[in-house]
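The values are calculated or read from the model by the stated rules, or taken from the named source; none is laboratory data. Predicted model, so just to flag it, every value in this text is computed and none were measured. Quick reminder, even Gly has a Cβ in these numbers, built from the backbone with ideal geometry, and neighbours come from all protein chains shown.
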Amino acid sequence: MTDPQSEKAENEKKKEAPEAAQKAAKEPEAPTVTPEARIAELEKQLAEAKDRILREMADAENTRRRAQKDREDSRKFAIAEFSKEMLGISDNFNRALDAAPKNSADPTVKNLIAGVDAIERQLQAALEKFGIKKLDSLDKPFDPNFHRVMSEVDAPGKPAGTVVQVLQAGYTIHGRLLREALVAVAKGGASSEGCVDTSA
């Protein structure tokens, strides 16, 4: 004689078995992957990983180079403000030399001029040691990147726009403009070709 509870459990198992079989039939079977396809997939992933690593290494190298350039620029141009102040001193030495009498017979005046000239040369040498160079502007064409026109003057025989007088010397620091030169340029003849616009 069978137990009613075990009979009931057996009936439930019989009902569940077809349901499980139906579920298994409905679920698609996992596609079988061939070894060649798996190798191709792994090679693709490897190539993507290599590409990502190369890009990250390139980004890191670019960042390192940018930081190094910023450090070098900071070192080179940190003295720019100080240098501008020193240029005023150099200008004053030049003004003193220009104002001194050229053909004085007095030995005291000659010694004073020689001393001021020596100090000015020493100052220029110190500036050059730190990458600060005086612009050579006289008789050169006007360049708005390095010159500021203060006036136009008649200069027969000079092409229009040629620098004929330097009122204040210009300087660069490691090739970058530190102070523009204040200049006077030739007006030119009747032709307005090549004239410099000084209205700005």
Exercise. Given the conditions (1) exposed (fewer than 10 other Cβ atoms within 10 Å of the Cβ); (2) hydroxyl-bearing (Ser, Thr, Tyr); (3) touching a residue at least 40 places away in the same chain (Cβ under 8 Å), and given that Ser83 satisfies all but one, which numbered condition is not satisfied?
Worked result: (1)
Problem set entry | Residues (at pLDDT 85 or above and either hydroxyl-bearing (Ser, Thr, Tyr) or farther than 29 Å from Tyr171 by Cβ (or both)) located in region 88-105 | Ser90
For this session: Might you let me know whether region 171-181 holds any residue that is in contact with a helix residue (DSSP H, G or I) (Cβ under 8 Å, 6 or more places away or on another chain), assigned to a strand (DSSP E or B), hydrophobic (A, V, I, L, M, F, W, C) and surrounded by 13 or more Cβ atoms within 10 Å (Cβ to Cβ)?
Result: yes
Problem set entry | Complete set of residues in region 89-113 that are among the small types (Gly, Ala, Ser), under 25 Å from Leu135 (Cα atoms) and surrounded by 11 or more Cβ atoms within 10 Å (Cβ to Cβ) | Ser90, Ala96, Ala100
Seminar exercise, completed: If we keep only residues of region 128-141 that are surrounded by 20 or more Cβ atoms within 10 Å (Cβ to Cβ) and of a type in the set (A, V, I, L, M, F, W, C), then the residue nearest to Glu180 (Cα to Cα) is Leu135
Problem set entry | Residue under evaluation Arg64, criteria (1) surrounded by 10 or more Cβ atoms within 10 Å (Cβ to Cβ); (2) within 19 Å of Gly131 (Cβ to Cβ), criterion not met | (2)
Seminar exercise, completed: Per the filter on region 67-80, residues aliphatic (A, V, I, L, M) and loosely packed, with under 12 Cβ neighbours inside 10 Å are Ala67, Ala78
Problem set entry | Arg148 buried (at least 16 other Cβ atoms within 10 Å of the Cβ) and either under 26 Å from the mean Cα position of the chain (by Cα) or more than 30 Å from Ser74 (Cα to Cα) (or both) | yes
